[in-house]
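Here's the structure, in structure tokens; my notes come after.
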Amino acid sequence: MEASAMEEALSKKTTSKGGLRTIPFIISNEVFEKVATFGLHANMILYLTQRYHMTAATGTVVLYFWNALSNFLPIFGAVLSDSCLGRFRVIALGSVVSLAGMCLLWLTAILPADRRTPECEARRDDCQLVPWQLPLLFASFVLMSVGSGGIRPCALAFGADQLDRPDNSARNVRTLQTFFNWYYTVLGLSIVLASTVIVYIQQAKGWVIGFAVPVVLMLTALTLLLLGSPFYLKAEADRSVLVGLVQVLVASYRKRRGPLPPETADASRFHNRAGYKPRTPSNRLRWLNRACALGDNPDKEVNPDDGSARDPWTLCTVQQVEDVKAAVRVLPIWSTGFMPGVIIGQQMFPVLQAKTMERRVGGLEIPAASFGVFSILTLTVWVAVYDRALVRPLSRLTGHARGVTLRQRMGIGLALFAVAMAVAARTEAARRAEALAEGLRDYGPQSGRAVRMSAMRLVPQHCITGLAEALNLIGQIEFYYSEFPKTMSSIGVSLLALGMGFGSVAGSAIVGAINAGTRSGGGRDSWLSSNLNRGHYDYYYLVLAALCVANLAYFVWCGWAYGEEGQNRVTAEEEAVEDTKTKEEQQQKL
């Protein structure tokens, strides 16, 4: 059997820490955490509408904001990891906090939610919530978001650190791609488990037992992570990286009125670290080059003893400037990730759709929240097939180690998001028409009356969405990890979550605007009515499809403007090699 690129690379790894043996501990932690987290997310819209009497639109907005918070906080976890505590400590702390949040959520299911009044006993819709229930619920959401803010940006980068080599060879690129792909394959299978088994337990055994299972799984995840501690390769945090980014911006601003170095200037006109190969900054974002440009009298700017800048807030190194350029240049492409966040964040609506459709297949009734499993299955199957069957022939055809470029994968994924929303609109239009034909206009998801249409009609939109995620989201992760300096890997990886967070905020704004704008006087229902049969969710999906098409056009322009991939890491690794050589020479002299 042919060995994979990862196996070939690992067979030559000689360090006493890191390597393949650490991956089971890291992935096990991530698998159990994802099973616990997604097991809670999948059915949460039903928990909010049934136990807390929220409307579909209100519950969706709450979950959008929860998703947004969970996606915004990883950037802070990444900064904390890369500049202060290191990835392992941040993952461990995040796991502890996330476990506390799940325990609180479990407590909301144990404690009574409604006041015991005669009105409540007579009619469920007239029940009033116990005052402390909502604060307890929202506190659990916040704690779980804080926990995920520590786990999400660091887990993937921490795993890659165990396998990465200090070069940019085709073999190293292939090794990392294999790791990323199989990492998401395993996570995909764990989410499938969450969307089926955990959801089934919640539906069959109730919320108390259904929320207790994720607590046990999260505790297991934390235990496995700590057991592997002696074997991990733990990169030290480097506070100077983030400080250096700020210094470049400050120095560029201070010298904004000074002359811009010409494009033909040689390395002697710029500040490089002493003992390193002198080089010139790139001509992209040239206005930042002022930060590393030397003046007419370099002796006043540089210490003669060690070659360092006398004032690092006025003069920076070329590598610092290139690190900032790497971050700034990625931002336009990163902003195209907002729309996938909108699409993925609105998966609560398909749960409500499935609730109104025939979900029995043979003798088994599929839970409404489990249809999202088809999205994850598609993602998992595609990643496995792409890595094992398609990459090698594609790489021979294109000459690219990854088969196709990361931006090509991301662009195809964005196009598929638009297709998925168009298919969703068509399916919902057919479902609504059938419901009206059967006289079910006044029967919503809570009525228990289902239209005589199989919920399997929702499978195509889920499958296309899953394929879009496999291409775009994994492409984004690998793109950020590859383009950012190695010391900023956690920050780079966290950009995906941050973009998804902005997408969640945008999604909640879209839902709020459509819900308010399509509701008029006279008791007319909005497009996003809690009773799907009286609304027009098909129109909502068409709006999302149009926004996806516009986002794809914007991405094409951003990709053209970005230029060649992989150059940022090459220059950073060249300096790392020079650093190693310099240290070896100094040791030999001693």
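The values are calculated or read from the model by the stated rules, or taken from the named source; none is laboratory data. Every value quoted in this text rests on a predicted model; they were computed, and no experiment measured them. Don't worry about glycine lacking a Cβ; one is built from the backbone with ideal geometry, like all the others, and counts go over all protein chains shown. Accessible surface areas use protein heavy atoms only, side chains included; no ligands, DNA or RNA. Shrake-Rupley method; radii C 1.70, N 1.55, O 1.52, S 1.80 Å.
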Considering residues that are open to solvent by 60 Å² or more (accessible area, probe 1.4 Å), without any contact (Cβ under 8 Å) to a residue 12 or more places away in the chain and of a type outside the set (Lys, Arg), the number found within the stretch 394-418 is 4
Filter result for the condition that a residue is among the charged types (D, E, K, R) and modelled with pLDDT of 75 or more, over 17, 13, 34:
34
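Here is a check on your reading of the model: is residue 191 modelled with pLDDT of 75 or more and touching a Phe, Trp or Tyr at 6+ places or on another chain (Cβ under 7 Å)? If you could, list the steps in order and put the result at the bottom.
Details: modelled with pLDDT of 75 or more: yes; touching a Phe, Trp or Tyr at 6+ places or on another chain (Cβ under 7 Å): yes.
When the stated conditions are applied, residue 191 passes them.
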Taking into account only those residues within the stretch 419-441 that are touching a residue at least 40 places away in the same chain (Cβ under 8 Å) and outside any helix (DSSP H, G or I), which is least open to solvent (accessible area, probe 1.4 Å)?
440
Output yes when any residue across the stretch 456-477 is touching a helix residue (DSSP H, G or I) at 6+ places or on another chain (Cβ under 9 Å), under 24 Å from residue 153 (Cβ atoms), open to solvent by 10 Å² or more (accessible area, probe 1.4 Å) and at pLDDT below 85, and no when none is.
no
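Which of the following residues is closer than 30 Å to residue 357 by Cα, part of a helix (DSSP H, G or I) and modelled with pLDDT of 80 or more: 551, 533? Steps first, answer last, please.
On the way: 551 fails: closer than 30 Å to residue 357 by Cα.
Among 551, 533, only 533 is closer than 30 Å to residue 357 by Cα, part of a helix (DSSP H, G or I) and modelled with pLDDT of 80 or more.
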State whether one or more residues within the stretch 72-89 are within 15 Å of residue 494 (Cβ to Cβ), more than 18 Å from the chain's Cα centre (by Cα) and open to solvent by 30 Å² or more (accessible area, probe 1.4 Å).
yes
Would you say residue 330 is surrounded by fewer than 21 Cβ atoms within 10 Å (Cβ to Cβ) and in the same structural domain as residue 472 (by the TED database)?
yes
From 458, 467, grab the single residue that is part of a helix (DSSP H, G or I) and under 23 Å from the mean Cα position of the chain (by Cα).
467
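How many residues does the stretch 338-364 hold that are open to solvent by 50 Å² or more (accessible area, probe 1.4 Å), more than 16 Å from residue 500 (Cα to Cα) and part of a helix (DSSP H, G or I)? Walk me through it before giving the result.
Within the stretch 338-364, the subset open to solvent by 50 Å² or more (accessible area, probe 1.4 Å) is 338, 347, 355, 358, 360-364.
Filter again for more than 16 Å from residue 500 (Cα to Cα), leaving 355, 358, 360-364.
Checking the rest, the ones that are also part of a helix (DSSP H, G or I) come to 355.
Residues in the stretch 338-364 being open to solvent by 50 Å² or more (accessible area, probe 1.4 Å), more than 16 Å from residue 500 (Cα to Cα) and part of a helix (DSSP H, G or I): 1 in total.
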